[in-house]
Structures are given as C-alpha cells and as structure tokens.
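Everything on this sheet refers to the single structure shown next.
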Ligand SMILES: Cc1ncc(COP(=O)(O)O)c(C=O)c1O
C-alpha cells in the first residue's frame with residue numbers, strides 16, 4: 001500500500017516538525033541522529049570519539065579527483081541509465097574482479113546505491129527479506145513504500161549471517177510469494193562476510209524460490225584480504241550486484257551507485273529506469289565521468305586499495321585485541337570498517353545500573369565517555385542483545401594512507417602503527433575499557 005501525503009494547514013502553535021497524523025512516521029536515520037547528538041555534545045565542549053558514522057576516512061584516489069576536475073564543465077543531462085562509458089567500465093570491473101559477464105546495457109547508474117535499492121523496492125511488489133542485523137536503511141525504505149519486511153534471525157555463532165536453512169524455511173511456507181532478499185557482505189554492521197560454500201548454499205535456495213537477490217557489495221573491495229567473492233557467480237540469473245563509489249573509493253558525498261543486472265532481469269531494470277526518469281532524471285554528469293576512472297583498470301587505485309586494506313586489517317586486529325582484553329569475545333572482522341561486539345558479558349552489572357538494552361548502553365557510554373557508537377537495536381530491531389556497531393574510522397585517512405605507503409609494500413605494518421596514527425581510536429578504546437572496569 002502506498003500512502004500519499006495529504007496537505008494539512010498548520011496552526012501557529014503546532015510544532016512544525018511532524019506528529020501530523022497524515023505524515024508517515026519515519027524517524028531520521030539512526031546514523032544521522034547520532035551524528036547530530038555528537039555535534040551538540042561537541043558544542044558543549046565534550047571530546048567526542050566518532051565511531052558512529054560509517055563514512056570512509058580515506059581520500060578519493062587522486063586520478064579520480066583529477067577526472068572530476070577535468071569534467072566539471074559537463075553540464076548536460078545524461079541518459080537515465082547512465083553514461084555508456086561508465087556502464088562499460090562497470091561491466092569491465094565485474095569481469096575483472098569476479099569473472100562475471102554483464103552487458104553495459106544491463107547496468108543502471110544512480111545517485112547512490114541507496115536510491116537504487118529504494119527504486120527496486122518501489123517497482124517490485126514483493127516482501128523484503130533481510131538478516132538481522134542488517135544495514136539500517138533497507139527496512140525503513142520498505143516501510144515507506146508499504147512492503148512487508150521479514151527479518152531472518154542470524155545467530156552470533158554464525159557470524160550474524162543469514163543461514164540458508166532459515167531462508168529455505170521461510171520461503172517454503174509460501175513458495176510462490178515474490179521476494180527480494182538482500183545480502184550485504186562484507187557486512188555493515190558486522191564486518192563479516194560469507195565463505196564460498198555458504199554463498200553456494202544460499203544461491204541454491206534463492207534459485208529454488210526464484211527470489212530477486214540483491215548482492216550489496218558496496219564494501220566488496222574493502223575485504224581485508226582482497227578476497228571478496230560475489231554470490232552472482234552462483235545465481236547469476238537472479239542476482240543484482242549493487243556497488244558504488246561511497247566506501248572503497250571514499251566518495252560517499254559524490255552520490256554514485258551502480259546496479260548490475262543479469263539479462264533475465266532486464267524488465268526490472270527498465271521499470272526502475274522509467275521511475276528514475278520521472279524522479280532524479282539522471283546522475284550528476286561530472287561525477288559519472290569521474291567514476292569511469294574509478295571503475296576502469298587503474299594501477300593507482302590498485303595501489304591505493306592495497307594500502308587501505310592493510311590499514312583497515314591492522315586497525316581491526318588491534319581493536320579486536322583491545323575488545324578481547326575487555327573480555328568481549330568476537331571473531332576478527334573480514335572486511336569494511338565495522339565491528340559488532342556483544343557486551344552481554346556485562347549484562348548483570350549493566351542492569352544493576354538501569355541499562356537494559358543496546359540503546360541505553362550506547363546513550364550512557366556516549367554521555368559518560370564521549371564515544372559515539374550505534375546501538376545494535378538499530379540494525380536488529382527485534383534483537384535484545386547488548387550489541388553496538390563500532391565504525392573504526394576516527395583517524396586522518398590521508399595521513400595514515402601516506403604513512404602506510406612509506407612502509408615496505410608487502411609486509412605487515414609496524415606494531416606501533418595504530419598507537420602512532422590512530423590516537424583517537426586508542427583513547428576511545430582506553431576509555432571504553434575503563435568504563436566497563438568501573439561498572
Ligand atoms: C550496506 C550499505 N549499503 C548501501 C549503502 C548506501 O551507499 P550509497 O548510497 O552511498 O551508495 C550503505 C551506506 O552506508 C551501506 O552501508
């Protein structure tokens with residue numbers, strides 16, 4: 001069901017913001033809310049550790065910036081599906097990185113993959129199936145459109161991943177029901193990914209029930225070992241690969257996302273392109289030209305990504321050890337810049353302080369220590385665990401990348417690397433440790 005907004009007169013003393021019953025009740029996204037709270041605390045003079053907002057701290061690779069500079073004059077509307085040379089570059093990228101054949105004609109460029117995921121949910125009338133925990137925006141998008149959301153409970157001892165058995169159980173209840181399944185790996189919020197055997201098992205279930213599978217690979221190139229594998233290899237005919245510049249290219253604010261469709265889903269791409277033509281028209285022209293450089297084979301970007309991954313895996317290892325020292329056990333993340341610790345071991349002590357859920361936990365930690373993390377509940381509304389998402393990005397990406405590039409290319413980074421280059425992260429984790437110690 002799609003709900004339309006009915007204009008209502010506001011009286012003078014009515015609050016301007018919301019609570020108008022004709023307006024759909026969607027809160028601003030959790031990530032933005034925590035950011036605003038941080039700004040407020042900072043204004044009050046408190047030192048803030050920004051582990052909340054999932055933004056890449058690394059600069060955009062210079063060759064991509066240079067292409068953008070050179071194309072600043074591009075002012076024409078582009079084709080709704082996107083610039084042909086960019087769609088060719090994305091097809092080349094899919095083949096180079098995954099050996100997946102996609103036709104430039106089956107690629108859709110949009111202003112961010114978030115917008116493309118929204119458009120897909122808008123044009124395809126099916127239930128949304130996502131694991132819990134999942135990225136914060138999939139389910140609100142479904143709610144805005146009026147789609148059913150079915151959360152598949154993922155277990156902590158399965159790296160918080162969707163199990164193929166659970167997917168099968170859900171699908172077999174109503175085998176012909178239209179469904180979109182979104183898998184995101186390496187995952188926001190957990191940093192974990194799926195091994196090939198799991199991808200194959202999930203692909204078999206997806207094929208059996210003909211689900212539309214969105215493979216959200218926005219962190220694919222940030223797999224810490226550079227070993228990302230796409231599920232589209234195993235269910236090519238039903239998988240849409242979602243990608244973009246925001247994470248591995250450090251260009252979230254540029255707003256460019258890509259959807260790669262199999263020829264079998266051409267009808268779906270056309271439906272999305274039709275809606276795109278009536279809404280955003282096309283993605284910013286200069287950004288599309290710059291993205292051609294980002295997706296084409298480019299030794300400078302390979303070099304950049306090599307060092308970005310070294311930095312991320314070094315920080316992940318260091319912070320993982322610090323969490324272990326707080327008696328918080330979790331497997332080492334596989335990619336991206338997130339960790340999803342569960343502080344359940346402290347539950348009794350926390351309850352004694354009136355903290356009973358992850359929202360209360362993150363609020364209290366923010367107030368007491370200035371550390372901003374996102375509560376697990378934002379990613380798993382039905383979960384009751386004392387989890388939090390840590391985005392370990394509070395460091396100077398430009399400086400740290402230059403430092404990593406000065407070290408020997410293929411060696412591990414020195415032991416003191418995190419202490420030397422991530423003072424805010426180290427202080428945040430020290431503060432967190434003391435906070436738990438004092439409970
Ligand atoms: C898992 C995941 N998917 C999609 C997006 C959206 O990315 P963008 O719209 O910038 O392409 C994000 C952004 O945080 C994300 O974390």
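Pull up segment 68-86, narrow it to residues that are in a helix (DSSP H, G or I) and crowded, with 17+ Cβ neighbours inside 10 Å, then point me to the one that is farthest from the chain's Cα centre (by Cα). If you could, list the steps in order and put the result at the bottom.
Taking segment 68-86 as the starting set, the residues that turn out to be in a helix (DSSP H, G or I) are 68-70, 84-86.
Checking which are crowded, with 17+ Cβ neighbours inside 10 Å leaves us with 68, 86.
Values: 68: 24, 86: 22 Å.
Once the filter is applied, the top-ranked residue is 68.
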Can you find, within segment 81-97, the residue that is farthest from the ligand (Cβ to nearest atom) among those that are in contact with a strand residue (DSSP E or B) (Cβ under 7 Å, 6 or more places away or on another chain) and closer than 19 Å to residue 230 by Cα? 91
Within segment 136-158, work out how many residues are more than 16 Å from the ligand (Cβ to nearest atom) and in contact (Cβ under 8 Å) with a residue 60 or more places away in the chain. 5
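Looking at 182, 218, 212, can you tell me which residue is more than 16 Å from the ligand (Cβ to nearest atom), touching a residue at least 60 places away in the same chain (Cβ under 8 Å) and crowded, with 16+ Cβ neighbours inside 10 Å?
Values: 182 fails: more than 16 Å from the ligand (Cβ to nearest atom); 218 fails: more than 16 Å from the ligand (Cβ to nearest atom).
Going through 182, 218, 212 in turn, the sole match is 212.
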If you go through segment 101-112 one residue at a time, do you hit one that is closer than 23 Å to residue 55 by Cα, buried (at least 21 other Cβ atoms within 10 Å of the Cβ), over 17 Å from the mean Cα position of the chain (by Cα) and modelled with pLDDT of 95 or more? yes
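Name the one entry in 51, 116 that is under 30 Å from residue 173 (Cα atoms), touching a strand residue (DSSP E or B) at 6+ places or on another chain (Cβ under 6 Å) and in contact (Cβ under 8 Å) with a residue 40 or more places away in the chain.
Numbers: 51 fails: under 30 Å from residue 173 (Cα atoms).
None of the other options fit; the residue is 116.
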Matching residues in segment 252-283 - criterion: being surrounded by fewer than 20 Cβ atoms within 10 Å (Cβ to Cβ) and within 13 Å of the ligand (Cβ to nearest atom): 252, 253, 255, 280
Residues of segment 122-139 satisfying the condition of being surrounded by fewer than 21 Cβ atoms within 10 Å (Cβ to Cβ), touching a helix residue (DSSP H, G or I) at 6+ places or on another chain (Cβ under 7 Å) and either closer than 17 Å to residue 205 by Cβ or at pLDDT 95 or above (or both): 122, 123, 124
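Is it the case that segment 139-148 has a residue that's outside any helix (DSSP H, G or I) and touching a strand residue (DSSP E or B) at 6+ places or on another chain (Cβ under 7 Å)? Full working, then the answer.
Here is the first cut: in segment 139-148, the residues outside any helix (DSSP H, G or I) are 146-148.
Right, trim to touching a strand residue (DSSP E or B) at 6+ places or on another chain (Cβ under 7 Å) and you get 147-148.
Looking for residues that are outside any helix (DSSP H, G or I) and touching a strand residue (DSSP E or B) at 6+ places or on another chain (Cβ under 7 Å), one finds at least one in segment 139-148, hence yes.
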Do we have residue 302 as within 23 Å of the chain's Cα centre (by Cα), away from the ligand (no atom under 16 Å from the Cβ) and farther than 23 Å from residue 53 by Cβ here? yes
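Scan 142, 154 and give me the residue that is farther than 20 Å from residue 208 by Cα, crowded, with 19+ Cβ neighbours inside 10 Å and out of contact with any helix residue (DSSP H, G or I) (no Cβ under 6 Å at 6 or more places or on another chain). First the steps, then the outcome.
Working: 142 fails: out of contact with any helix residue (DSSP H, G or I) (no Cβ under 6 Å at 6 or more places or on another chain).
After ruling out the rest, the residue left standing is 154.
Go through 100, 130, 117 for me and flag whichever is within 14 Å of the ligand (Cβ to nearest atom) and not in a helix (DSSP H, G or I).
Details: 100 fails: within 14 Å of the ligand (Cβ to nearest atom); 117 fails: not in a helix (DSSP H, G or I).
Unique residue meeting the criteria: 130.
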Looking only at segment 164-192, which residues are farther than 21 Å from residue 219 by Cβ and part of a loop (DSSP other than H, G, I, E, B)? 173, 174, 175, 176, 177, 178
Among what's in segment 103-114 and is under 22 Å from residue 233 (Cα atoms) and in a helix (DSSP H, G or I), pick the residue that is farthest from the ligand (Cβ to nearest atom). 105
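The values are calculated or read from the model by the stated rules, or taken from the named source; none is laboratory data. Since we're looking at a predicted model, the values are computed, not measured. Glycine also receives a Cβ, built like all others from the backbone with ideal geometry; neighbour counts cover every protein chain displayed.
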